[in-house]
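Below is one structure, written out as structure tokens; the observations come after it.
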Amino acid sequence: MNESLSERERLILDKLSQRGTILVSELAEELELSEVTIRSDLKTLEEKGWLQRTRGGAAPAFHRDILERQRLHIDEKHTIARAAAELVQDGDVIMIEAGTTTALIARYLTGKRDIHIVTNSTLVFSYARMNPALQITMTGGEFRRTTESLVGPIALETINKLNVRLAFVGTDGFSLNRGMTTHLVEGGEIVKAMKAHAEQTILVADSSKYGKIGFVSVLPLREVAMIITDNKLSPQATEELKESAISVRII
């Protein structure tokens, strides 16, 4: 599955992010292309989950914040998600926390059998619902558009009633000293609840997040079974994590 974007597709998404909506006629004039070509590009981007086509144009598939985060470190996120999906075995029950990298895991479960996903992510749902082999349980809760997530007491109550083998979680930043951190208290609560009800918790995060510190401390890195990140993590960071007996898989 190749989710890389062409230069023109990235340009279209840039304009969509800036304006909120785009028109085929305007894009064709600005990019000096035919409207047929632009419609074809929009159709491709819709199939990849980036936008929704409208009459005469397109709108974001998700909140602008999500769209912007999806466009960052695309190749790394897909590589990490693919590696995470490889850990899932036939018959598994797993939890997937909201996030642009974690959500991609659902795309790479094709071919797995009898997989049950518990998630608080509407982004995960939008990907997983396309695969009839996946059973999906949504946690319920209050919807947060900026993160495409369900949070709050109802979401926590659902998670606290269930037990799974693996929980895949993300983070806004991670470091040896501060552990996993996030900007949202509610998101941190979801991660802690998932960890408490999973046999193993896997952190999936691209290397750009190493050293960044969010507002809320979530978990020490020693409390996750494994960190899956990309090969742009600095040698120094890799070494200090391994010296602290933290399992890191560099993809």
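In region 200-210, the qualifying residues are those that are touching a residue at least 60 places away in the same chain (Cβ under 8 Å) and β-branched (V, I, T), and the one that is nearest to H116 (Cα to Cα) is I202.
Residues being open to solvent by less than 40 Å² (accessible area, probe 1.4 Å) and either out of contact with any helix residue (DSSP H, G or I) (no Cβ under 9 Å at 6 or more places or on another chain) or at pLDDT below 90 (or both): count how many of those fall in region 46-76.
Taking region 46-76 and keeping what is open to solvent by less than 40 Å² (accessible area, probe 1.4 Å), we get 48-51, 57-62, 66-67, 70, 74, 76.
If we keep only those that are either out of contact with any helix residue (DSSP H, G or I) (no Cβ under 9 Å at 6 or more places or on another chain) or at pLDDT below 90 (or both) as well, we get 48-51, 59-62, 66-67, 70, 74.
Residues flagged as open to solvent by less than 40 Å² (accessible area, probe 1.4 Å) and either out of contact with any helix residue (DSSP H, G or I) (no Cβ under 9 Å at 6 or more places or on another chain) or at pLDDT below 90 (or both) within region 46-76 amount to 12.
The residues of region 77-112 that are in contact with a Lys or Arg (Cβ under 8 Å, 6 or more places away or on another chain), of a type in the set (V, I, T) and surrounded by fewer than 24 Cβ atoms within 10 Å (Cβ to Cβ), listed by number, are V88, V93.
The strands (runs of 3 or more DSSP E) found entirely in region 104-199 that carry 3 or more residues being in contact (Cβ under 8 Å) with a residue 60 or more places away in the chain and within 23 Å of V216 (Cβ to Cβ) are 164-169.
Here are some residues: E148, E186. Which one is acidic (D, E), on the phi > 0 side of the Ramachandran plot and surrounded by 15 or more Cβ atoms within 10 Å (Cβ to Cβ)? Spell out the reasoning first.
Working: E186 fails: on the phi > 0 side of the Ramachandran plot.
Just a single option satisfies the conditions, and that option is E148.
Out of T100, T110, one residue alone is modelled with pLDDT under 95, β-branched (V, I, T) and more than 22 Å from T171 (Cα to Cα). It is T110.
For region 153-166, the criterion of being open to solvent by less than 40 Å² (accessible area, probe 1.4 Å), under 26 Å from R249 (Cα atoms) and not β-branched (V, I, T) is satisfied by at least one residue.
Residues in region 113-133 that are of a type outside the set (S, T, Y) and surrounded by fewer than 18 Cβ atoms within 10 Å (Cβ to Cβ) were compared, and the one that is modelled with the lowest pLDDT is M130.
Within region 1-52, restricting attention to residues that are touching a residue at least 60 places away in the same chain (Cβ under 8 Å) and among the charged types (D, E, K, R), the residue that is nearest to I74 (Cα to Cα) is E3.
Out of region 197-223, which residues are among the aliphatic types (A, V, I, L, M) and either open to solvent by less than 10 Å² (accessible area, probe 1.4 Å) or touching an Asp or Glu at 6+ places or on another chain (Cβ under 8 Å) (or both)?
Quick first cut of region 197-223, residues among the aliphatic types (A, V, I, L, M) only: 198, 202-205, 213, 216, 218-219, 221.
Within region 197-223, I202, L203, V204, A205, L221 qualify.
The values are calculated or read from the model by the stated rules, or taken from the named source; none is laboratory data. What you see is a predicted model; the values in this text were computed from it and never measured. Note that we place each Cβ from the backbone using ideal geometry, even for glycine, and neighbour counts take in every protein chain shown. Protein only, heavy atoms only, side chains kept; ligands, DNA and RNA dropped before computing areas. Shrake-Rupley method; radii C 1.70, N 1.55, O 1.52, S 1.80 Å.
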